[in-house]
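The values are calculated or read from the model by the stated rules, or taken from the named source; none is laboratory data. Nothing here was measured: the structure is a model prediction, and the numbers come from that model. For neighbour counting, all protein chains shown are included, and Cβ atoms are generated from backbone atoms with ideal geometry for every residue, glycine included. Accessible surface is based on the protein model in full, side chains and every heavy atom, while ligands, DNA and RNA are left aside. Shrake-Rupley method; radii C 1.70, N 1.55, O 1.52, S 1.80 Å.
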Amino acid sequence: MTSQYLVDPGGPAIPIQPIAKEELPTWRARAGAIAQRWIEATSFDAAPGKSLLVPGRNGELESVLLGVSEPTPWDWAALPLELPRGTYRIEGYHSPKEADAAALGWALGTYRFERMRSKKEAAPPSLEWPEACNRPRVTAMAEATALVRDLINTPASDLGPAELAGAAEQLANDNEASFHVIVGDDLLEKNYPAIHAVGRAAAPSRAPRLIELSWGEASHPKVTLVGKGVCFDSGGLDLKPATNMKLMKKDMGGAAHVLGVAAMVMGAKLPLRLRVLIPAVENAVSGSAMRPLDVVPTRKGLTIEIGNTDAEGRVILADALAEASGESPSLLIDFATLTGAARVALGAELPAMFANDDELASALLACATGESDPLWRMPLFEPYRKLIDSKVADITNAPEAPLGGAITAALFLREFVGDGIPWAHIDLMAWNQSSRPGRPEGGEAMGLRAVYALLEERFKK
Ligand code: BES
Ligand code: ZN
Ligand code: ZN
């Protein structure tokens, strides 16, 4: 529980004074003599996220100064690891947006993944809930982020397709949602051949499956979320080199994200009919593995030539997107750690967003900015469609030329999305390569709050 370090106001608490850089001179002029001299002596400049412990007359910790910019959680997120033990409160007036940013930053700053360690860190300090804060929303965002990070950080040995299904089932049970899963050879019988083809090489206990959660009144608008659930991506017979394979426990990051969004939607009881689909597999190597240039049938009927067994995400998503399209939802969003190419284009911190609907794209970008949860739109560039033509099958999962790989992957997915369905695809890293305040090295939620804010804006009564 990352929100457990946000506490009810009332007891003794050390004040934290947020100060914008340009306000510092005025603020200093009005401060007491000790604080004035301390700011001078330490050259504190109120840079965003920088803090200063201010002593009182007897050497006690009297207050904390914190540099802030426009409201963003990240300015607040270093404090829980920097401040001494105790309880803190925010001083002065703050808008609801500032209050939410502060509380969310605090909560995210207390996250760590230590369940597999015998030695735990000391408990971080607590912050009193700021007055204007939307507590349920902040709590939901912090908990959903922690869920996403925990699922990604869990080693593949402990989180195979079965355990991923278990996590979805637990979430369904907690929220009175319905849960359904199709496992192993039943995928063939029920016509999800592409999911089966990718996952069939794994050990029987790690058989492929299609996980489904549904929630909400049938009369409400239908929103479907699809997440790539590759619990480990070895590359398959086109085996990844060791350095590229190392992080591939995170290849179920898309699945973790859709569960995180679902947790928030159900917690807030948004008036929509939610459906979550997760094709969950391990892309493994064995005698039954799919081979380069095999042709794989799909639920939609299109055949896929396997140009590269490492381009497995789009193959399993093909069946999940076709299934999702069956009931023509009013909104379809997928999250996937789909391509290295999206990381080459935008780096590790900025997910690529593709959409077949301009209005949806701009609304999503606005939410991303508003939530300090950035996304960047990339084009479904029509002239590149020919790059995924196959000479043997209807389409190939890996074009000959590697250029534009994030775009050709998105164009591939689009083939399986039903006509007229507003669809957005988020190709994300789901991992922090190094630690920043509130964003420790390891699994990360990216675009989670942006997508939730969009659903809230569209569907909240
Ligand atoms: N899971 C990877 C993509 C990935 C790699 C995402 C690193 C984030 C970080 C995916 O399954 C993959 O291997 N894609 C290939 C596709 C190629 C073979 C057409 C890639 O991006 O190299
Ligand atoms: Zn792969
Ligand atoms: Zn993958």
Which listed residue, of 109, 86, is among the small types (Gly, Ala, Ser) and surrounded by 15 or more Cβ atoms within 10 Å (Cβ to Cβ): 109
Matching residues, segment 147-157, being in contact (Cβ under 8 Å) with a residue 24 or more places away in the chain and open to solvent by 10 Å² or more (accessible area, probe 1.4 Å): 147, 150, 151, 153, 154, 155, 156
Selection from segment 288-317 of residues that are closer than 30 Å to residue 219 by Cβ and buried (at least 24 other Cβ atoms within 10 Å of the Cβ): 317
Selected residue (criterion: farthest from residue 53 (Cα to Cα)) from residues of segment 1-26 that are open to solvent by 90 Å² or more (accessible area, probe 1.4 Å) and not in a helix (DSSP H, G or I): 1
Residues being in contact with a Pro (Cβ under 6 Å, 6 or more places away or on another chain) and surrounded by fewer than 19 Cβ atoms within 10 Å (Cβ to Cβ) - total across segment 194-220: 1
Filtered residue count, segment 232-246, keeping only those that are surrounded by fewer than 15 Cβ atoms within 10 Å (Cβ to Cβ) and under 24 Å from the mean Cα position of the chain (by Cα): 3
Residue within segment 70-87 that is closer than 23 Å to residue 29 by Cβ and part of a loop (DSSP other than H, G, I, E, B) present: no
Any chance residue 38 is over 23 Å from residue 142 (Cβ atoms), open to solvent by 50 Å² or more (accessible area, probe 1.4 Å), at pLDDT 95 or above and outside any strand (DSSP E or B): yes
Test result for residue 230, more than 14 Å from ligand 2 (Cβ to nearest atom) and either hydrophobic (A, V, I, L, M, F, W, C) or assigned to a loop (DSSP other than H, G, I, E, B) (or both): no
Hits in segment 112-142 - residues which are open to solvent by less than 50 Å² (accessible area, probe 1.4 Å), of a type outside the set (A, V, I, L, M) and under 21 Å from residue 452 (Cβ atoms): 129, 130, 133, 137, 139
Residue satisfying all of: in segment 250-282; within 15 Å of residue 152 (Cβ to Cβ) and of a type in the set (Val, Ile, Thr); nearest to ligand 3 (Cβ to nearest atom) among these: 278
Evaluation of residue 362 against (1) within 19 Å of the chain's Cα centre (by Cα); (2) open to solvent by 10 Å² or more (accessible area, probe 1.4 Å) (one fails), failing number: (1)
Residue 223 vs. criteria more than 16 Å from ligand 1 (Cβ to nearest atom) and either β-branched (Val, Ile, Thr) or open to solvent by 10 Å² or more (accessible area, probe 1.4 Å) (or both): yes
The listed residue being away from ligand 2 (no atom under 12 Å from the Cβ) and either within 19 Å of residue 199 (Cβ to Cβ) or assigned to a loop (DSSP other than H, G, I, E, B) (or both), out of 237, 338, 277: 277
Per-region count, segment 306-319, residues of a type in the set (Gly, Ala, Ser), touching an Asp or Glu at 6+ places or on another chain (Cβ under 8 Å) and either within 10 Å of ligand 3 (Cβ to nearest atom) or within 21 Å of residue 422 (Cα to Cα) (or both): 2
Selection status of residue 81, open to solvent by 20 Å² or more (accessible area, probe 1.4 Å) and aliphatic (A, V, I, L, M): yes
Residue check, residue 178 touching a residue at least 24 places away in the same chain (Cβ under 8 Å) and either open to solvent by 20 Å² or more (accessible area, probe 1.4 Å) or among the polar types (S, T, N, Q) (or both): yes
Qualifying residue in segment 409-432 (condition: within 16 Å of ligand 1 (Cβ to nearest atom), of a type in the set (Phe, Trp, Tyr) and in contact with a Ser or Thr (Cβ under 6 Å, 6 or more places away or on another chain)): no
